[in-house]
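Notes for the one structure printed next.
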Amino acid sequence: MSLALITCAGVALDAALGEPRRAHPLVAFGRLASRLEQRFNPAGGGWRSHGVTAWCLAVLPLTLLTWLLTQVTSLVWAVDIFALYFALGLRSLYEHALPVAQALRLGNLPLARERVGWMVSRNTAALDATGVARAGTESVLENGSDAVFAALFWFIVAGAPGVVLYRLSNTLDAMWGYRNERFERFGWAAAKIDDVLNYIPARLVALTYALLGNMALALRCWRRQAPMWDSPNAGPVMASGAGSLGVSLGGAAEYHGEVHERPRLGEGPAPRARDIERAMNRVVAGVALWLLCLTLWEVGIA
């Protein structure tokens, strides 16, 4: 089977089934990661070397196992499809984002706060409707890059082992990559490796968002505003996405009891419920564009 066809099959499987309700491999991996963190970072006392060791023990054996499966079975295409399916989060992102927009449309602010709280790590209890819409839009743009496009990128580049390596690394960053007393040293490796793996995909995503919306504004915001953002990868993605949508993102947000003044991203009015949906449409259209480009590329070299 061609790479384009296998990739389309993995995306279609995710769209049809969504995340497994039971026995998701990443849930089991999360338990493994928690045990490793308890072993190598007791009471937050682990050093960078401990974090590197724990990362290697968590990620490399499973990546190697995936590679071995692609070498010993004649059904390599099946391994590829299911590896991509388990790594993608397109339908999950849609299922989290749409209820936020629907609750805002119905004027049910408490429900909207609760639902957006499932998507973001900031405190959502005191958000007004604009704050909820801003948090939801930002989450769709950023998670579209991390949970969808970057997984597609590494699958296209390195097949099943590549997408497994990326998804496990990204999961460890989400669990260990915090800049706080507990994870500042131990989580350093997980955060840096995730930054490296997302560097190229994030910039391709920023370009994709620009192509699908207000391209001139998106490129200008990317160039001028992205360097001010803390994350080297989230900055380009969210600045370009905000410009593409013609809305203003960023600003103050409360994380773990502390208010952070974040740079403004994009230009235009504050986001509303429909902008969460528009951001989700950008992600879906971007996936379709990537699949089309992959198909045309394969046809061109055939």
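Within the accessible area of the chain, what % is carbon and sulfur when the probe is 1.4 Å and the other protein chains stay in place? Provide the component values of the computation, followed by the final result.
Details: 8920 of 14490 Å².
Answer for the chain is 62 percent, counting heavy atoms of protein chains only.
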Notebook entry, point to check: Hey, how many Å between the Cα centroid of the stretch 248-262 and the Cα centroid of the stretch 201-224?
Noted result: 23 Å
Note to self: Classify the chain from the C-alpha gyration tensor, please: rounded if a/c falls under 1.5, else prolate or oblate depending on whether a/b exceeds b/c.
What the structure shows: oblate
Check: When the chain is treated as a GNM, springs tying every alpha-carbon pair under 10 Å, which of G107, G51, G159 comes out with the largest mean-square fluctuation?
Finding: G107
Next item on the list: Find the accessible area per residue for the chain; the probe is 1.4 Å, ligands and nucleic acids are left out, and the unit is Å².
Entry: 48 Å²
Check: Given a cut-off of under 8 Å on Cα pairs at least six residues apart, what relative contact order in percent is computed for the stretch 1-91?
Finding: 56 percent
Check: Can you give the extra length, in nm with one decimal, that the chain gains between S121 and S92 once fully stretched, where that is 0.36 nm per residue apart less the Cα-Cα distance?
Finding: 8.8 nm
Note to self: For a quick check of your reading of the filter: which GluC sites (Glu not before Pro) in the stretch 136-202 sit in a DSSP loop and have no more than 11 other Cβ atoms within 10 Å?
What the structure shows: E181
Next item on the list: Could you list which residues have their amide H under 5 Å from that of E254, counting only those 5 or more apart in sequence or on another chain, with H placed in the peptide plane?
Entry: N123, H260
Next item on the list: Within the stretch 15-121, report the chymotrypsin sites (Phe, Trp or Tyr not before Pro) that DSSP leaves as loop and that have at most 15 other Cβ atoms within 10 Å.
Entry: W47, W118
Next item on the list: Would you mind pulling out the separation of the Cα centroids of the stretch 10-62 and the stretch 126-193, in Å?
Entry: 13 Å
Next item on the list: Output the relative contact order of the stretch 161-300, whole-number percent, from Cα pairs under 8 angstrom with separation of 6+ residues.
Entry: 17 percent
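Just by accessible area at a 1.4 angstrom probe, what is the order of H24, H50 from largest to smallest? Could the numbers behind the result be given before it?
Details: H24 20, H50 65 Å².
Ranked from most to least accessible, the order is H50, H24.
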Note to self: Please report the net charge: other residues with Cβ closer than 15 Å to the Cβ of G44, K and R +1, D and E -1.
What the structure shows: +2
Next item on the list: May I ask you to evaluate 6.51 cos²θ - 1.76 cosθ + 1.60, the Karplus curve with θ = phi - 60°, for each residue of the stretch 155-162 and list the ³J(HN,Hα) values in order in whole Hz, giving x for glycine and proline?
Entry: 5, 5, 6, 9, x, 4, x, x
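Within 13 Å, Cβ to Cβ, of R224, how many net charges do the neighbouring residues add up to if Lys/Arg are +1 and Asp/Glu are -1? Working shown, then result.
On the way: positive: R220, R223, R264; negative: E267.
That works out to +2.
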Note to self: Less than 14 Å Cβ to Cβ from E95, Lys/Arg counted +1 and Asp/Glu -1: what total charge do the surrounding residues give?
What the structure shows: 0
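Mind giving me the FRET efficiency for A23 and L65? R0 is 22 Å, r the Cβ-Cβ distance, nearest 0.05 is fine. Could the numbers behind the result be given before it?
Working: r = 17 Å, r/R0 = 0.78.
The formula returns an efficiency of 0.80 here.
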Item checked: Residues with amide H under 5 Å from that of L265, placed H, sequence gap 5 or more -> L249, G250, G251
Checklist line | Cα gyration tensor shape of the stretch 12-77, rounded if a/c is under 1.5, else prolate or oblate by comparing a/b with b/c | finding: oblate
Notebook entry, point to check: With springs only between Cα atoms under 10 Å, which of V132, V140, V284 fluctuates most in a Gaussian network model of the chain?
Noted result: V284
Notebook entry, point to check: Using the Cα gyration tensor of the stretch 1-138, with a ≥ b ≥ c the square roots of its eigenvalues, what is the shape: rounded (a/c below 1.5), prolate (a/b larger than b/c) or oblate (neither)?
Noted result: oblate
Notebook entry, point to check: Do you know the relative contact order of the chain, to the nearest whole percent, from alpha carbon pairs under 8 angstrom that are 6+ apart?
Noted result: 20 percent
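The values are calculated or read from the model by the stated rules, or taken from the named source; none is laboratory data. Note that the coordinates shown come from a computational prediction; the quantities given were computed from them, not determined experimentally. Ideal geometry is used to build each Cβ from the backbone, glycine not excepted, and the neighbour counts take in all protein chains shown. Only protein heavy atoms, including side chains, enter the accessible area calculation; ligands, DNA and RNA are left aside. Shrake-Rupley method; radii C 1.70, N 1.55, O 1.52, S 1.80 Å.
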